[in-house]
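Contents: one structure, followed by commentary.
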Amino acid sequence: MQKIRVCVNGYGTIGKRVADAVALQPDMELVGVTAHSMNYRIDTAYRHKGFNIFSLDGEVYKELEANGIKVSGSLDELLGSVDVIDDCSPKNGVKNKEIYQQRGVKAVFQGGEKKNIASDSFVSQCDYSRALGKDYLRVVSCNTTALCRTLHAIDKKYGVNHAHGVLLRRGTDSHDNRRGPINAIESSSEKPSHHGEDVRTVLERLQIFTTAYIVPTTLMHMHDLMLDMRDAHFDVNDIIELLNATPRILVLKSNHGIESTAQVMDYHRDLLRNPRGDVYETGILDGAIGIYRVHGYNRLFITQCVHQESNVVPENIDAIRAVMGFDDSKIPEEYRSRVEAAREAYMKSPLHSGLTDDKMEEVNPSRIITDITLNIFKGI
Ligand SMILES: NC(=O)c1ccc[n+]([C@@H]2O[C@H](COP(=O)([O-])OP(=O)(O)OC[C@H]3O[C@@H](n4cnc5c(N)ncnc54)[C@H](OP(=O)(O)O)[C@@H]3O)[C@@H](O)[C@H]2O)c1
């Protein structure tokens, strides 16, 4: 099997996690990561992980070598030896894309980029097949990814007439000592916020609007969703059963004492599923699921927690496979039986729409392999 040769450009919050995940994939080779400056992340990548480091310019090259990092080459040289570049730079995608285009290298971009950076926006369990073989994909933001995973499952099963999401966004990421707020709640002046529109780049027909606030925390975002439903034939247990069956969603138990983002993060550090205690899934608080059926309303309430630093990592891995046209014919032998078992389980699960043309995006082969390697596989 020829491995997909991948590099990561932009080794920050998202890039370092994507690089680690690429290194775990049986069908991928991490050729290298780029350095934009000398810092502890690059030092760790080189010294502790053994990653090849490529410098973005001559000044950085000198700085890296002065700090004992043997530079493997320039971005230009790196592009000559990869199939896909995963661009995790801070909104530099448009400029970078010109370089990738000149070198004929496929690229995956992040949600901070404008939607037209690529022909398609991407959430693996919603639209994998649409993305197959594309040259460029945009993995949507952490907020949009979480919204799409949940809303796709609920809409497919019970029909969402209209969704309103209130997004409580973390002030900054956990390593950052510069941004805030540290003692205020900021309302976004953008009403509705752009997140709802971004959801429609993936779930085109969904009626949704969002409003957003920034709150003084670094742990996670929290979403308060109010969904006006078409089908009235469900109760809280049906929703829990559906979300339990949905990939990349974790229903978190209030009777286990999980009632805030603090416990969600602590729980994941205890689980030891990955070295950083990252939460790749969207966490749904079961105690905060509610239904309001009065005066013609059939409204479902969901509260979800989003680990902004990591929930797009599995999507990046699937996007890399998707641009390379990864389908059933390319499943490594050792994963074949698990993909088949997952598909069988899907047909019996509440996720299956019952329609003969159900495309089963939820069990696309890449998603299964990614979830097994990242330790988040649920069996369907
Ligand atoms: N953090 C989140 O919560 C989150 C969640 C989902 C999606 N995203 C999206 O992911 C992308 C990356 O965000 P991030 O949070 O990972 O940013 P970040 O932590 O600031 O990391 C960006 C990295 O890229 C490097 N860099 C700067 N300019 C560059 C250039 N011209 N070319 C290549 N690399 C460059 C930076 O180098 P230095 O170390 O020298 O600064 C840094 O290492 C953005 O589109 C963002 O919207 C972020």
Item checked: Qualifying position, being surrounded by 15 or more Cβ atoms within 10 Å (Cβ to Cβ) and touching a strand residue (DSSP E or B) at 6+ places or on another chain (Cβ under 8 Å), among Ile99, Ile185, Ile117 -> Ile117
Next item on the list: Could you identify the single residue in Val339, Val313 that is over 15 Å from the mean Cα position of the chain (by Cα) and under 30 Å from Val6 (Cα atoms)?
Entry: Val339
Next item on the list: Taking Ser81 as meeting all but one of (1) among the polar types (S, T, N, Q); (2) more than 13 Å from the ligand (Cβ to nearest atom); (3) in a helix (DSSP H, G or I), write down the number of the exception.
Entry: (3)
Item checked: The one condition in (1) crowded, with 17+ Cβ neighbours inside 10 Å; (2) out of contact with any Lys or Arg (no Cβ under 9 Å at 6 or more places or on another chain) that Asn39 fails to fulfil -> (1)
Next item on the list: Kindly establish whether Asp371 is among the acidic types (Asp, Glu), at pLDDT 95 or above and in contact with a strand residue (DSSP E or B) (Cβ under 9 Å, 6 or more places away or on another chain).
Entry: no
Margin query: It is to be established whether one or more residues within region 296-314 are among the charged types (D, E, K, R) and surrounded by fewer than 16 Cβ atoms within 10 Å (Cβ to Cβ).
Written below: no
Next item on the list: Please enumerate the residues belonging to region 84-111 that are part of a strand (DSSP E or B) and either within 14 Å of the ligand (Cβ to nearest atom) or not β-branched (Val, Ile, Thr) (or both).
Entry: Ile85, Asp86, Asp87, Lys106, Ala107, Val108, Phe109
Notebook entry, point to check: Only one of (1) over 25 Å from Gly12 (Cα atoms); (2) surrounded by fewer than 23 Cβ atoms within 10 Å (Cβ to Cβ); (3) more than 18 Å from the chain's Cα centre (by Cα) fails for Leu151. Which number is that?
Noted result: (3)
Notebook entry, point to check: Considering Leu78, Leu64, which residue is over 17 Å from Ala19 (Cα atoms) and surrounded by 18 or more Cβ atoms within 10 Å (Cβ to Cβ)?
Noted result: Leu64
Next item on the list: Residues being free of Cβ contacts under 8 Å to residues at least 24 places away in the same chain and either in contact with a Leu (Cβ under 9 Å, 6 or more places away or on another chain) or of a type in the set (Asp, Glu) (or both): count how many of those fall in region 279-323.
Entry: 1
Checklist line | Residue among Val94, Val82 that alone is within 23 Å of Cys142 (Cβ to Cβ), touching a Lys or Arg at 6+ places or on another chain (Cβ under 8 Å) and not hydroxyl-bearing (Ser, Thr, Tyr) | finding: Val94
Next item on the list: Just name the residue that is nearest to Pro365 (Cα to Cα) out of those in region 118-139 that are in contact with a Leu (Cβ under 9 Å, 6 or more places away or on another chain) and within 16 Å of the ligand (Cβ to nearest atom).
Entry: Val123
Margin query: Can you list the strands (runs of 3 or more DSSP E) lying wholly within region 1-67 that have 2 or more residues being more than 11 Å from the ligand (Cβ to nearest atom), of a type in the set (A, V, I, L, M, F, W, C) and under 29 Å from Ile372 (Cβ atoms)?
Written below: 4-9, 28-35
Next item on the list: Give, as residue ranges, the helices (runs of 4 or more DSSP H) completely inside region 117-218 that count at least 1 residues that are aromatic (Phe, Trp, Tyr).
Entry: 124-131, 142-158
Item checked: Matching entry among Thr246, Thr282 (being within 16 Å of the chain's Cα centre (by Cα) and more than 16 Å from the ligand (Cβ to nearest atom)) -> Thr246
Margin query: Residue under question is Ala245, and the condition is that it be in the same structural domain as Asp87 (by TED's automatic domain parsing) and crowded, with 22+ Cβ neighbours inside 10 Å; does it hold?
Written below: no
Notebook entry, point to check: So which residues in region 324-359 are farther than 27 Å from Ala107 by Cβ and either in contact (Cβ under 8 Å) with a residue 12 or more places away in the chain or surrounded by 20 or more Cβ atoms within 10 Å (Cβ to Cβ) (or both)?
Noted result: Glu334, Arg338, Ala341, Ala342, Arg343, Ala345, Tyr346, Ser349, Pro350, Leu351, Ser353
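The values are calculated or read from the model by the stated rules, or taken from the named source; none is laboratory data. Fair warning: this is a prediction, and the values are worked out from it, not measured in the lab. No Cβ is skipped: glycine too gets one built from the backbone with ideal geometry, and neighbour counts run over all protein chains shown.
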